[in-house]
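Chemist: One structure follows; several queries about it will come next.
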Amino acid sequence: MRVPPPAKPARRFGVCVLALCCIAAAGLAGLRGFGHWVKTAPLPPLVSETSATVIDRNGRLLRAFTVADGRWRLPVRPGAVDPLYAAMLIAHEDRRFHRHHGVDPLALIRAAGQAVRHFRIVSGGSTLTMQVARLLTERPTRALSDKIAQIRLALALERRLSKEALLQVYFERAPFGGNLEGVRAASLSYFGKEPKRLTPAEAALLVALPQSPEIRRPDRFAGRARLARDRVLKRAAENGIISGDAAQAALSERVPNRRRPFPILAAHLAEDARLKPGGPSPTIAQLTLDHDLQLRLETLVAGRVGEAGARLSGAVVVADHKTGEILASVGSAGYADMQRGGFIDMTRAARSPGSTLKPFIYALAFDAGLAHPESLVEDRPTAFANYVPENFDRVFRGTVTIREALQLSLNVPAVAALDSVGPVRLMDTLRRSGARPVIPDLSPPGLAIGLGGVGISLRDLVSAYTVIARGGEMVRLRHTKGKTGKGAGMPVLGKRAAWHVADILKDAPAPQANRQGQLAFKTGTSYGYRDAWAVGFDGRHVIGVWMGRPDGTPVPGLSGITHAAPLLFSAFSRLKPVFDPLPPAPPGTLDIAHSDLPGPLKWLRHPALGALSFDDSPEIAFPPDGAEVEIDPFAGPAFRLALKVRNGAPPFTWLVNGQPIATGAADRQALWPGGQAGFHEIAVIDKNGRIAKSRIRMR
């Protein structure tokens, strides 16, 4: 057996002197002037910087940020720490904590006696108040002067702070290894949970770590951490804090051997709450989000986007349209996923909304008395001046009701309705709903905005749809708890018009494996397959979904109905098991069949659509007769000129300068691979032998 060498006389003497001096300092209470000595003790700042934290509507942590020096020092609210931990801490570190005034003379005498007897410091005799003094000054206590200064500060702290406040400082400042400070940071890092409810083994480990935080770090020295934890458990059992059986069970519990990452939920909104310009930067920012829903939706989006393809991202916004509170906001498929541009908040990025604005066009037409859901409208190739819209599938349905036109998302009827109500009025309606639409180059709004020729963010689109869901009234969306949106209740659309649109959208064809008629929703796909959208609402909530690439690169095959709509329905299922019913029709709503409509409402009439009986002979829509077409000099042999026909009956035969370039074409478009400079004659013949011609010049 190896016998340790005896302590050096100088070390033994120093230990004895230190212990005796501590006893002498503790006896100063009987000396004149002692009170003044304590009262005039310089106090360090009692409030230190703590990590900025962002919490959800129920106080659960969404995200935290380190303090300036890189340490995790999370604020601890009163009552947020398990009483078992506090009881174990006091029993192990300072049994007379609630009876002494900062210094425990009995503990100092015991420590001095042990030092004299064992020729080394066995226990320090420090109270929890003295430890708080050391944490506040961040000074060592090896020298005699430092120890006396610590005792003086401890006595001064006891005069100014309650026992509960002293414990609060300890809970926030105690070191737990590495850059962890405070019991909350340690509990989240080692156990992945708040310290509100701890097992006896977890509480004991947190008691043991601050005494030697680096050499007992569980993620580096799990064995040492376990030995220290077990000593705390045994003492807790001896003091009756836990039963012997509970202590035995806790001794068998595994010690964590790694640190867990701190939660990063709603990363984009949390960053916004922390760095909000021009306003206060509170230590704790509370959002209206729901922690569990946010976690479920972030997991859902990451999974769906991963299945859809590389570099694709997604975003989801969930709002309570009764209050305007945002319950979840997923800005990307992964905040740290650089390949997918995860750092970009796609809930705020302005993108082309595709067909998602069509419900507002028809609502304005209903409000203006121009149409009714059962009014008939023509879906056929039509030119609105130089604008010739086509349907997404390039198929025209002929005469349809407006209900069918909206459910099938037909383009020509929507443009005709927009031309009747005016693009400016649509833009004004969007702005009054709380959205901020953006038009490229600040040009005046044209008919193209009805089919996606405008920029709008997902959050603003959800804001606009809350107007329809609320029967025409706006409510400003908000994500900060305690703030109320301005303008709530302001009418934007008529109640009956909003109800008609919702009634139409609830019967829109749902994606596979989803029931139709429970959710009012609309999809959209932007030009070039860059953005896929779906927005839906029931009687209480509205959800918006976006999918695409943050850099705007086209994604072949991407569409609202195949990609965004399934994600929309899945998001609703994560929100709640049953849809809230949509409200009934408001009084005075004209809910009748087409045959019962008044004469002016039987048709949506528009000059570009022609009369009821019209000549449907083929007509070359592009290039029109007399047009001059520039040849792209860089395209070379790859240059193709798109030829388009409206009216007529397919299949079509196309001829250029008398030579056929396409025969039996079911589509209304053909590509001409030629195109030399000069004059050319283009002709198209439909199945009935009717012919249309166009003479153009290419240069």
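Rule-based calculations on the coordinates, nothing more; no lab input. All of these numbers come straight from a predicted model, not from anything done at the bench. In this analysis, Cβ positions are derived from the backbone assuming ideal geometry, glycine residues included, and neighbour counts consider all displayed protein chains.
Chemist: Given charges of +1 on the Cβ of Lys and Arg and -1 on the Cβ of Asp and Glu, with all other atoms neutral, how large is the dipole of the chain about its Cα centre, in debye to the nearest 20? Present the calculation step by step, with values, prior to reporting the outcome.
Modeler: Working: 91 positive and 61 negative charges, 918 e Å.
Rounded to the nearest 20 debye, it is 4400 debye.
Chemist: Between Lys687 and Val47, what is the label-to-label distance in nm when each label sits 7 Å out along the Cα-to-Cβ direction?
Modeler: So the two model labels end up 8.0 nm from each other.
Chemist: Can you find, among Ala91, Gly303, Ala267, the residue sitting farthest towards the positive end of the charge dipole of the chain, where Lys and Arg contribute +1 and Asp and Glu -1 at Cβ?
Modeler: Value: Ala91.
Chemist: If you don't mind, there's one more thing I want to ask. What's the ranking of 260-269, 65-74 by average number of surrounding C-beta atoms within 10 Å, highest first?
Modeler: Details: 260-269: 19.6, 65-74: 15.8.
Packing order, densest peptide first, comes out as 260-269, 65-74.
Chemist: Rank the residues Glu298, Glu253, Glu138 as a footprinting-exposure proxy: fewest other Cβ atoms within 10 Å of their Cβ go first. Each step should come with its number before you reach the end.
Modeler: Numbers: Glu298 23, Glu253 16, Glu138 10.
Ascending number of Cβ neighbours within 10 Å: Glu138, Glu253, Glu298.
Chemist: Something else now. Out of these labelled values of semi-axes √(5λ) of the Cα gyration tensor in Å, [x] 38, 36, 22; [y] 75, 26, 21; [z] 53, 37, 24, which was calculated from the coordinates shown here?
Modeler: Computed from the coordinates, semi-axes √(5λ) of the Cα gyration tensor in Å corresponds to [y].
Chemist: Also, quick follow-up: Would you mind checking the pairs Lys193/Lys234; Lys522/Lys687; Lys358/Lys693; Lys358/Lys687; Lys481/Lys506 and listing those with alpha carbons more than 29 angstrom apart? Walk me through the numbers on the way to the answer.
Modeler: On the way: Lys193/Lys234 24 Å; Lys522/Lys687 36 Å; Lys358/Lys693 34 Å; Lys358/Lys687 33 Å; Lys481/Lys506 31 Å.
Check vs 29 Å cut-off fails for Lys522/Lys687; Lys358/Lys693; Lys358/Lys687; Lys481/Lys506.
Chemist: Please compute the length gained on full extension between Val438 and Asp146, using 0.36 nm multiplied by the number of residues separating them and subtracting their Cα-Cα distance. Present the calculation step by step, with values, prior to reporting the outcome.
Modeler: On the way: separation 292, 0.36 × 292 = 105.12 nm, distance 6.49 nm.
The span from Val438 to Asp146 would gain 98.6 nm if fully extended.
Chemist: Quick one: Cα centre-to-centre distance for segment 350-394 and segment 636-671, in angstrom?
Modeler: Each part reduced to its Cα centre gives a spacing of 27 Å.
Chemist: Which whole-number percent gives the relative contact order of segment 619-698, counting Cα pairs below 8 Å spaced six or more residues apart?
Modeler: Reported as a whole number, the value is 38 percent.
Chemist: Okay, moving on. Give me the extension gain from Thr199 to Asp551: residue separation times 0.36 nm, minus the current Cα-Cα distance, reported in nm with one decimal.
Modeler: Numbers: separation 352, 0.36 × 352 = 126.72 nm, distance 4.80 nm.
121.9 nm is the gain from fully extending Thr199 to Asp551.
Chemist: Taking 0.36 nm per residue of separation and subtracting the Cα-Cα distance, what length does fully extending His101 through Gln659 add?
Modeler: On the way: separation 558, 0.36 × 558 = 200.88 nm, distance 10.63 nm.
So the extension gain works out to 190.2 nm.
Chemist: At a Förster distance of 51 Å, what's the computed FRET efficiency of Ala642 paired with Asn58, Cβ-Cβ distance as r, to 0.05? Walk me through the intermediate numbers first.
Modeler: Details: r = 56 Å, r/R0 = 1.10.
The computed FRET efficiency comes out at 0.35.
Chemist: Would you list Ile151, Ile691 from fewest to most Cβ contacts within 10 Å? Let's see the in-between values first.
Modeler: Numbers: Ile151 26, Ile691 14.
Listed from fewest to most nearby Cβ atoms, that is Ile691, Ile151.
Chemist: Specify the inter-centroid distance of segment 45-67 and segment 196-249, based on alpha-carbon positions, in whole Å.
Modeler: Rounded to whole Å, the Cα centres lie 26 Å apart.
Chemist: May I pose another question? Given contacts defined as C-alpha pairs under 8 Å and at least six residues apart, what's the relative contact order of the chain, whole-number percent? Provide the component values of the computation, followed by the final result.
Modeler: Values: 1374 pairs, mean separation 68.3, N = 699.
Result for the chain is 10 percent.
Chemist: Taking the number of other C-beta atoms within 10 Å as the exposure measure, put Tyr190, Tyr335, Tyr465 in order starting with the fewest. Intermediate values should be presented prior to the final figure.
Modeler: Values: Tyr190 25, Tyr335 21, Tyr465 29.
The most exposed by this proxy come first: Tyr335, Tyr190, Tyr465.
Chemist: For the peptides 95-105, 383-393, what is the packing order when you average, over each peptide's residues, the other Cβ atoms within 10 Å and list the highest mean first?
Modeler: So the order, starting with the most tightly packed, is 95-105, 383-393.
Chemist: So if I place +1 on the C-beta of Lys and Arg and -1 on the C-beta of Asp and Glu, and nothing else carries charge, what would the dipole magnitude of segment 619-698 be about its Cα centre? I want it in debye, nearest 20.
Modeler: Details: 9 positive and 8 negative charges, 48 e Å.
Using only the charged Cβ atoms, the result is roughly 240 debye.
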